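These notes concern the structure reproduced below.
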Amino acid sequence: MTPGADSTAYAPQSVPAPGETLKETLEVLGIPQADLARRTGLSTKHINQVIQGTAPLSPDTALLLERATGVPAGLWNAREAAWRTQLAREEEEKALSDHVGWLDHFPLRELVSRKILPDSSKNVFNLRRLLDFFGVATPDVAENVWRGYQTAFRRSTVLSRNEYATATWLRSAEREARKQECGPYDRTELIALLPRLRALTLEKQDFWSEELPRLCGQAGVALVFVPAFTKTNVSGATRWLTSDKVMVALSDRFKTDDQFWFSLFHELAHVLLHGKRLTFMDDSENLSPTKQHEDASEDEANEFAANVLLPPQYAVAYRKLAATRYLSLAAIEAFASTAGIAPGIVVGRLQHDGAYEWRQGNHLKRPVTLA
């Protein structure tokens, strides 16, 4: 393989059959097949079958060949394994060629831009690359795995728009989360961290984007930011990777800080309040504090997030602010300063509660864009 070559690339006929090597070795040594049969105690027919490739070269035979030819058994075993692997790849190539159409379900250009695929070609090579990305054997296996995840979703949006794009987003998040080093999960420490996480709403993104994962990692939470794919509704996800490590993934689907921070504490609520066996996928419907959900866990997560961002001690002042007839931006900023939270979050809360029109105050929200 040349330097920089992709290890997943398939190179047909790149490995000689062990029988060919055996035939060449016998020619160099001047040993007829019949003589080799006598030296090894094998039949001439079996030796011929090995040379023709119709019989496998077993480890026992490799030891006999080592004594008769002086070529180490390890070399014969390695040649046999490489040859059988090549044959299996050829069979896989034929089988996968019937499933290239599976690629049509995916946003190929986005997969290329995120370096999941080298290009948008619909061929077996890219199909294999995508299967490697998902860590599955075949497209059918991939979809069975996703269905298995869905049985654990308490509130799932995987099927709402493009399940393939959403599955790719979730897998991207999982791969990133598994690479993150975290301490063991500590519920008490995570609860203690909440005020520090809330205070980061006042900071710029270039600061909190590094500080948030660092702090969460101390409590066993692998926090990852994965840009949203087009044609997906997902804003966040929570999934336990091990009993001591939980993934919290956030997208930038909403592009503003009020939604981003609400999503964060919504997902952390799932970590703190709900079971380790469950996977949560959340979208705009899940994140609506004013809507009652069929699943109580979503309402619990929304209430938790709302109370973290605007704790009960500010409830009276907030209700007074929301009841103000002619609500000024200066009043919103003053309240946000007193509460120690970003003003855009207050604007978002007022809009959700119907105290402010959706078109009002949006310039107080800060943009959130994930690379």
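The values are calculated or read from the model by the stated rules, or taken from the named source; none is laboratory data. Treat the numbers as computed from the prediction; the structure is a model and nothing was measured. Note that we place each Cβ from the backbone using ideal geometry, even for glycine, and neighbour counts take in every protein chain shown.
Need pairs with beta-carbon distance below 6 Å; first residue touching a residue at least 24 places away in the same chain (Cβ under 8 Å) and within segment 17-34, second aromatic (Phe, Trp, Tyr) and surrounded by 13 or more Cβ atoms within 10 Å (Cβ to Cβ); sequence gap 6+ or separate chains.
Close Cβ pairs (under 6 Å, with a partner that is aromatic (Phe, Trp, Tyr) and surrounded by 13 or more Cβ atoms within 10 Å (Cβ to Cβ)) amount to Ala17/Trp83; Pro18/Trp83.
Do we have Tyr326 as closer than 22 Å to Leu268 by Cα, of a type in the set (Phe, Trp, Tyr) and either part of a helix (DSSP H, G or I) or not assigned by TED's automatic domain parsing to the domain that holds Gln205 (or both) here?
no
Which members of segment 213-234 meet the condition of being farther than 21 Å from Arg171 by Cα and part of a helix (DSSP H, G or I)?
Arg214, Leu215, Gln218
Which one is farthest from Ile31 (Cα to Cα) among residues in segment 76-94 that are of a type outside the set (S, T, N, Q) and touching a residue at least 40 places away in the same chain (Cβ under 8 Å)?
Step by step, filter segment 76-94, then rank; the result is Glu93.
Can you spot a residue in segment 168-175 that is of a type in the set (S, T, N, Q), modelled with pLDDT of 90 or more and assigned to a helix (DSSP H, G or I)?
Yes; the residues of segment 168-175 include at least one that is of a type in the set (S, T, N, Q), modelled with pLDDT of 90 or more and assigned to a helix (DSSP H, G or I).
Taking the stated definitions as given, is Thr85 more than 21 Å from Thr166 (Cβ to Cβ), over 37 Å from the mean Cα position of the chain (by Cα), among the hydroxyl-bearing types (Ser, Thr, Tyr) and not in a loop (DSSP other than H, G, I, E, B)?
In short, no.
For segment 327-342, check the following and say yes or no: at least one residue is surrounded by 11 or more Cβ atoms within 10 Å (Cβ to Cβ), in contact with an Asp or Glu (Cβ under 9 Å, 6 or more places away or on another chain) and not β-branched (Val, Ile, Thr).
Looking for residues that are surrounded by 11 or more Cβ atoms within 10 Å (Cβ to Cβ), in contact with an Asp or Glu (Cβ under 9 Å, 6 or more places away or on another chain) and not β-branched (Val, Ile, Thr), one finds at least one in segment 327-342, hence yes.
I'm trying to understand the selection: among the residues of segment 184-204, which are loosely packed, with under 15 Cβ neighbours inside 10 Å and part of a helix (DSSP H, G or I)?
Arg187, Thr188, Ile191, Ala192, Pro195, Arg196, Ala199
To keep it simple, each residue is scored yes or no on (1) more than 29 Å from the chain's Cα centre (by Cα); (2) outside any loop (DSSP other than H, G, I, E, B); (3) closer than 30 Å to Thr168 by Cβ; (4) at pLDDT 90 or above.
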residue	(1), (2), (3), (4)
Asn286	no, no, yes, no
Glu298	no, yes, yes, no
Arg319	yes, yes, no, yes
Glu333	yes, yes, no, yes
Ser337	yes, yes, no, yes
Val346	yes, yes, no, yes
Thr369	no, no, yes, yes
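How many of the residues in segment 224-254 are out of contact with any His (no Cβ under 7 Å at 6 or more places or on another chain), within 21 Å of Pro195 (Cα to Cα) and surrounded by fewer than 24 Cβ atoms within 10 Å (Cβ to Cβ)?
Summing the residues that are out of contact with any His (no Cβ under 7 Å at 6 or more places or on another chain), within 21 Å of Pro195 (Cα to Cα) and surrounded by fewer than 24 Cβ atoms within 10 Å (Cβ to Cβ) in segment 224-254 gives 2.
Here is a yes/no grid of residues against (1) over 30 Å from Val124 (Cβ atoms); (2) surrounded by fewer than 18 Cβ atoms within 10 Å (Cβ to Cβ):
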residue	(1), (2)
Pro18	no, no
Ile47	yes, no
Asp60	yes, yes
Leu63	yes, yes
Arg67	yes, yes
Gly70	yes, yes
Leu75	yes, yes
Trp83	no, no
Leu87	no, yes
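Does segment 98-120 contain at least one residue that is part of a helix (DSSP H, G or I) and over 30 Å from Trp169 (Cβ atoms)?
No, there is no match, as no residue in segment 98-120 is part of a helix (DSSP H, G or I) and over 30 Å from Trp169 (Cβ atoms).
Considering only segment 89-123, state which residues are under 22 Å from the mean Cα position of the chain (by Cα) and buried (at least 17 other Cβ atoms within 10 Å of the Cβ).
Across segment 89-123, the qualifying residues are Trp102, Leu103, Phe106, Pro107, Leu108, Glu110, Leu111, Ile116, Leu117.
Here is a check on your reading of the model: is Gln360 in contact with a Leu (Cβ under 9 Å, 6 or more places away or on another chain) and of a type in the set (S, T, N, Q)?
Against the criterion (in contact with a Leu (Cβ under 9 Å, 6 or more places away or on another chain) and of a type in the set (S, T, N, Q)), Gln360 qualifies.
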